[in-house]
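Structure first, commentary second.
Quick note: the coordinates plus some simple rules give every number you see, no bench work behind them. None of these values were measured; they are calculated from a predicted model. All Cβ positions, glycine included, derive from the backbone under ideal geometry; neighbour counts span all protein chains shown.
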Amino acid sequence: MRLTFYGVRGSIPTPGAAYVRYGGNTACVHIELEDGTDIILDSGTGIRLLGDRLVKKTSPINLLLSHNHWDHIQGFPFFAPIYQESREINIYPGQTSLDEPAQILNQMEGSLFPVPKSALKSTITLVELPPAQSTFTVGSATITRLAMNHPGSGSAYCIEADGAKVAYITDNELYPPYKKETDFIDFAKFAQGADLLIHDAQYMLSDMPAKNGWGHSVAEEAVKLAMACDAKQLALYSHDPERTDNDIDDVVNHCNEYVTVAESTLSIFASSEGQTLDFS
């Protein structure tokens with residue numbers, strides 16, 4: 001299994017010199033399995049550059065969406081494979097509280113985008129799983145989904161294949177002021193033993209209470225979850241658009257203080273565009 005980050009920013013793209021090292025594109029992670037299966041997590045602006053790579057292949061593409069907020073679907077109209085003749089693209093919508101599985105395609109309708117979805121040459125299938133189904137397979141991967149705590153809800157995913165486990169839990173508020181979809185302990189069970197936990201770390205405790213209820217976790221809580229589930233590595237994700245590269249460095253250093261105090265073996269890093277991890 002090989003994993004590459006293509007977009008790591010939350011809420012809105014952030015161009016500019018102060019955001020070069022970690023990147024300003026919104027959510028997109030690519031996983032390539034040993035059997036050649038391509039799995040994409042979310043379709044933020046980062047998916048555009050991934051498309052430039054995948055357009056050279058002919059195999060099916062499997063896109064797992066956490067939810068339908070703009071920063072997780074806005075790159076799709078610029079994803080080159082959707083314009084390839086008969087290219088097979090399977091989209092797994094997130095389980096949102098308003099059941100709107102086709103929103104990633106509907107953003108290309110009317111006055112919203114110059115190319116309508118009807119003009120796409122690829123073969124796009126919306127794979128709508130029954131609400132009660134939490135586990136499914138894509139290629140050689142076993143994938144499990146879990147409801148996340150976010151306005152409008154959505155899905156977190158665990159991907160297990162090639163002897164590795166990756167948990168993707170973004171736009172998730174571990175301790176929301178509104179009714180929780182999933183408790184902390186259930187997230188810990190969900191990601192138990194993960195080789196990599198990718199978790200929302202958009203805020204810090206210092207941002208609270210002003211942003212309480214906005215649907216994102218504080219980095220300190222992400223560290224707590226990573227240690228609770230005995231993850232090997234934690235990738236801080238969904239960086240706040242206000243945070244510069246230097247600010248993100250400070251977040252990582254602060255989080256590592258928690259690891260030191262806990263005498264944990266957890267490895268923490270801030271996800272960055274172009275960063276690739278190989279799991280053997």
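For region 106-237, the C-alpha radius of gyration sits at 1.21 times the compact-globule guess of 2.2 N^0.38 Å, with N the residue count. Of the residues ILE73, ILE104, ILE124, the one that moves most in a GNM of the chain with alpha-carbon contacts below 10 Å is ILE124. What dipole magnitude, in Debye to the nearest 20, does the chain give about its Cα centre under +1 on Lys/Arg Cβ and -1 on Asp/Glu Cβ? Result for the chain is approximately 620 debye, rounded to the nearest 20. The relative contact order of the chain, computed from alpha carbon pairs under 8 Å that lie at least 6 residues apart in sequence, is 19 percent. Counting every C-alpha pair in region 109-178, the share spaced more than 19 angstrom apart comes to 56%.
Helix-derived [θ] at 222 nm for the chain: sum -39500 (n - 2.57) over DSSP H runs of at least 4, divide by residue count, nearest 500? Result for the chain: -5000 deg cm²/dmol, rounded to the nearest 500.
Over region 22-63, the pair-distance histogram of Cα-Cα distances with 5 Å bins from zero comes to 6, 22, 33, 23, 11, 4, 0 percent, rounded to whole numbers. Pairs with C-alpha atoms separated by more than 27 Å, drawn from the list LYS179/LYS211; LYS117/LYS180; LYS179/LYS224; LYS57/LYS232; LYS211/LYS232; LYS117/LYS165, are LYS117/LYS180; LYS57/LYS232; LYS211/LYS232; LYS117/LYS165.
Considering only MET227, MET148, MET108, the Gaussian network model of the chain with Cα springs below 10 Å gives its largest mean-square fluctuation to MET108. Loop-located trypsin sites (Lys or Arg not before Pro) in region 113-178 (DSSP state not H, G, I, E or B) with no more than 15 neighbouring Cβ atoms inside 10 Å: LYS121. Hull volume per residue, based on the alpha-carbon atoms of region 2-271 and their convex hull, is 128 Å³. For region 166-255, applying the loop criterion from DSSP together with a ceiling of 11 other beta carbons within 10 Å to the GluC sites (Glu not before Pro) yields GLU242. Restricting the chymotrypsin sites (Phe, Trp or Tyr not before Pro) of region 157-210 to loop positions (DSSP other than H, G, I, E, B) with no more than 13 neighbouring Cβ atoms within 10 Å leaves TYR178.
Can you tell me which of ALA231, ALA210, ALA17 moves the most in a GNM of the chain? Springs connect C-alpha atoms under 10 Å apart. Highest fluctuation among the options: ALA210.
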